[in-house]
Amino acid sequence: MRAAIGVYTPTVFREEEKVRGSVPVQAISDHPTPGLAQEVSPVHHLSAECPPVLLIHGTADTTVPVSATMVAYDALRNLGVPVELHIYAEQGHAFDADARFGRRCADAMLFFLERYLLAPAATPASVSG
């Protein structure tokens, strides 16, 4: 994988105790087994080898809290992974279904993918000022 995009993505699942950005594991399983929340939480599988990531979320999302995206963003930055964050004020879950936002999100995704998939990787020595 050379790039990844997360749009209002749940990144932390919880079994009982509420954790910043978490969503109950029951959101994905009616009969969760012990440890399932940890196993399926994307933030627990991040490493410095992750590809560049684009994250998009709205601040008024009541399905997946925007803090879920912030947790992933912070973790990726701490690992040194290139990560780009687009937060849309006062927008709820699936806000990109509105054509005004959908077009902007699609443009951001296309620009991100062009930079990481089509363009040669830029290194500090190859960038001219």
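The values are calculated or read from the model by the stated rules, or taken from the named source; none is laboratory data. Please read all numbers here as calculations on a predicted model, not as lab measurements. Cβ placement follows ideal geometry from the backbone for every residue including glycine, while neighbour counts extend to all protein chains displayed. What goes into the accessible areas is simple: the full protein's heavy atoms, side chains included, and nothing from ligands, DNA or RNA. Shrake-Rupley method; radii C 1.70, N 1.55, O 1.52, S 1.80 Å.
Taken together, the residues in segment 39-70 that are in contact with a helix residue (DSSP H, G or I) (Cβ under 6 Å, 6 or more places away or on another chain), aliphatic (A, V, I, L, M) and not in a strand (DSSP E or B) amount to 3.
In the set SER41, SER67, SER29, only one residue is farther than 20 Å from CYS105 by Cα, among the polar types (S, T, N, Q), in contact with a Lys or Arg (Cβ under 9 Å, 6 or more places away or on another chain) and surrounded by 13 or more Cβ atoms within 10 Å (Cβ to Cβ); that residue is SER41. For segment 9-26, residues that are surrounded by fewer than 19 Cβ atoms within 10 Å (Cβ to Cβ) and closer than 14 Å to ALA75 by Cβ total 3. Restricting the first member to segment 33-50 and to residues that are closer than 13 Å to ARG14 by Cβ, and the second to residues that are open to solvent by 50 Å² or more (accessible area, probe 1.4 Å) and assigned to a loop (DSSP other than H, G, I, E, B), the beta-carbon pairs closer than 7 Å and six or more apart or on different chains are ALA37/GLU15; VAL40/ILE28. In summary, GLY6 fulfils each of the numbered conditions (1) more than 16 Å from ASP61 (Cα to Cα); (2) open to solvent by less than 70 Å² (accessible area, probe 1.4 Å); (3) not in a loop (DSSP other than H, G, I, E, B) with the single exception of condition (1).
Could you please find all residues in segment 1-21 being more than 13 Å from the chain's Cα centre (by Cα) and either within 29 Å of TYR116 (Cβ to Cβ) or touching a residue at least 24 places away in the same chain (Cβ under 8 Å) (or both)? Before you say what the answer is, go through the steps one by one.
Initial filter on segment 1-21 (more than 13 Å from the chain's Cα centre (by Cα)): 1-2, 13-20.
Within segment 1-21, MET1, ARG2, PHE13, ARG20 meet the criteria.
In segment 102-124, the residues that are more than 20 Å from ALA89 (Cβ to Cβ) and modelled with pLDDT under 95 reach residues that are exposed (fewer than 10 other Cβ atoms within 10 Å of the Cβ) and of a type in the set (D, E, K, R) with C-beta atoms within less than 6 angstrom, at least six apart or across chains, in these pairs: LEU117/ARG2.
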